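The values are calculated or read from the model by the stated rules, or taken from the named source; none is laboratory data. Just so it is clear, the model here is predicted, and its values are computed rather than measured. Reconstructed Cβ throughout: ideal geometry from the backbone, glycine too, with neighbour counts over all protein chains shown.
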Amino acid sequence: MWASIAGSKPQLISPNFNPSATPQHTQLQQRLLHDTKTVLVTVDTMSTNAPVKHGPAANANLCAHINKLFSEIDKTGTDLAATDGVPPTPSKTHVQGIIWLKCSMFLFEFDTPDSAGQFWSYAHNPVWDLAKTCLGGSVQVVDKAHTLILCFIPCRGVFDPSNAEDISTLKIENGLPRGCITLAAWLKKEDHCHAKQMVASLKVLCNSIEAANLLLQEWVFITGHLVVVCKDIWELLCCNKC
């Protein structure tokens, strides 16, 4: 009886579900949400305490070990906050899964963006030394790069992205913080451009989401020209056999 009632009851719609969104927008939203829950970690396989096995079973054991370790760190941080008279806000750092990449990196996926952010904060904290006991002494968290595409940039000797002075001028003119742009390069090499081509697209990597949002939200000028800025969203294409 209860099974039939449960089966006839309509399922609740997720608050993140938008029935009017196109499949492309839904896919983009899911990719962006997933990206906020992942952290890339580099390890030196020759370092002391670095994992030597990277199969599914070994990664599952490593995941359980890390969750136990950071659960204790979370509890200690909450207790210290309560001792100092600060209203405790219990934090939870929980890894859902770990994938080993052949380039000597681990991709950590967390249960929530807040959990991933908490792990990120630990990487710049003395407690990070505890993580080295299971990931190796040279373990580091890779900074996330926020990639943008700037279109209609003058490309005939007016602006050179490889020139540090031109990049510095770009940041000053647009009110960007120092060091926020880690890389700027033409999407297409200059020798591949048409002889009469006067503008081109520029790929820019920002090391903070605030700087990337500033470029997306505000008017951006390069050498006095207003340029179009968009987020770089790409995905691998598979053949039919894949």
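Conditions tested, residue by residue: (1) part of a strand (DSSP E or B); (2) more than 23 Å from the chain's Cα centre (by Cα); (3) closer than 30 Å to His65 by Cα; (4) at pLDDT 85 or above.
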site: Asn125; (1), (2), (3), (4): no, no, yes, no
site: Lys144; (1), (2), (3), (4): no, no, yes, no
site: Ser168; (1), (2), (3), (4): no, yes, no, yes
site: Leu176; (1), (2), (3), (4): no, no, no, no
site: Thr182; (1), (2), (3), (4): yes, no, no, no
site: Lys188; (1), (2), (3), (4): no, yes, no, no
site: Val204; (1), (2), (3), (4): yes, no, no, yes
site: Leu216; (1), (2), (3), (4): no, no, no, no
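Which residue is farthest from the chain's Cα centre (by Cα), if the candidates are limited to the range 42-65 and must be assigned to a loop (DSSP other than H, G, I, E, B) and among the β-branched types (Val, Ile, Thr)? It comes out as Thr48.
When only residues in the range 20-48 that are surrounded by 15 or more Cβ atoms within 10 Å (Cβ to Cβ) and over 15 Å from Glu109 (Cα atoms) count, which is modelled with the highest pLDDT? So, considering only residues that are surrounded by 15 or more Cβ atoms within 10 Å (Cβ to Cβ) and over 15 Å from Glu109 (Cα atoms), the one modelled with the highest pLDDT is Val43.
For the condition surrounded by 13 or more Cβ atoms within 10 Å (Cβ to Cβ), of a type in the set (A, V, I, L, M) and in the same structural domain as Gln96 (by TED's automatic domain parsing), Leu107 qualifies.
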